[in-house]
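Okay, structure first, notes after.
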Amino acid sequence: MTAKISHDLSNPMMIFNNVLEIIKNKNYECASHELKQYVDMLETSSFRLNTQVRTLAYFNSQRLHIKKESVLRIIKKVVSDLKIPHSVKTILPENDVRIEMDVSQIETMMIELISNALQVLNNGGTIIVRLTENSEDIVLEIEDVGDGIPLELLPKL
């Protein structure tokens, strides 16, 4: 069933992505700033949906593909792929660690965490990614610094 859902979602997503490319290739440089922001939002959402579809297809295969990889390289790739708005500053770790991992699973996790941070930074802000290592653990922290949660919503959390 997951294979069928993954396939059924892939076809309309391919059309969606193609239309976005057509928009960007047709006098896009003359488009308004607002339109460009909307296209960027669509591209970011499309990227997230495509990642979810790939994850669904991957879940169907249920095979892990473990290899030793740079965590910082994956962080940089995810940040680049997400097309973070100029109003959001990203601070990435300077250090790196290489660990045995399933790269696809780690990428998906990072996409979700950084996307969640982006959603709360409506008026801009900063996303700080930290990577620390001690004798027993490697810790990845993703912190967003923005306006925060409106006070009237806090009681509902």
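The values are calculated or read from the model by the stated rules, or taken from the named source; none is laboratory data. Note that the coordinates shown come from a computational prediction; the quantities given were computed from them, not determined experimentally. Every residue, glycine among them, receives a Cβ derived from its backbone with ideal geometry; neighbour counts consider all protein chains shown. Heads up: the accessible areas ignore ligands, DNA and RNA and are worked out on the full protein's heavy atoms, side chains in. Shrake-Rupley method; radii C 1.70, N 1.55, O 1.52, S 1.80 Å.
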Task: Which listed residue, of Lys76, Lys4, Lys24, is in a helix (DSSP H, G or I), farther than 29 Å from Gly125 by Cα and open to solvent by 50 Å² or more (accessible area, probe 1.4 Å) - done: Lys4
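Here's the yes/no breakdown for (1) of a type in the set (Gly, Ala, Ser); (2) surrounded by 15 or more Cβ atoms within 10 Å (Cβ to Cβ):
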site: Leu35; (1), (2): no, no
site: Thr44; (1), (2): no, yes
site: Asn50; (1), (2): no, yes
site: Thr55; (1), (2): no, yes
site: Ser87; (1), (2): yes, no
Open item on the list: Just to be sure I understand, how many residues within segment 103-121 are within 18 Å of Leu131 (Cβ to Cβ) and open to solvent by less than 70 Å² (accessible area, probe 1.4 Å)?
Closed with: 9
Open item on the list: Give me the residue from segment 122-157 that is acidic (Asp, Glu) and surrounded by 13 or more Cβ atoms within 10 Å (Cβ to Cβ) and, out of that set, farthest from Lys68 (Cα to Cα).
Closed with: Asp144
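Rundown of residues vs (1) touching a residue at least 12 places away in the same chain (Cβ under 8 Å); (2) surrounded by 13 or more Cβ atoms within 10 Å (Cβ to Cβ); (3) touching a helix residue (DSSP H, G or I) at 6+ places or on another chain (Cβ under 7 Å), yes/no style:
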| residue | (1), (2), (3) |
| --- | --- |
| Ala31 | no, yes, no |
| Met41 | no, no, no |
| Arg63 | no, no, no |
| Thr90 | yes, yes, yes |
Task: Hey, Ser10 polar (S, T, N, Q), under 19 Å from the mean Cα position of the chain (by Cα) and closer than 30 Å to Gly146 by Cβ or not - done: no
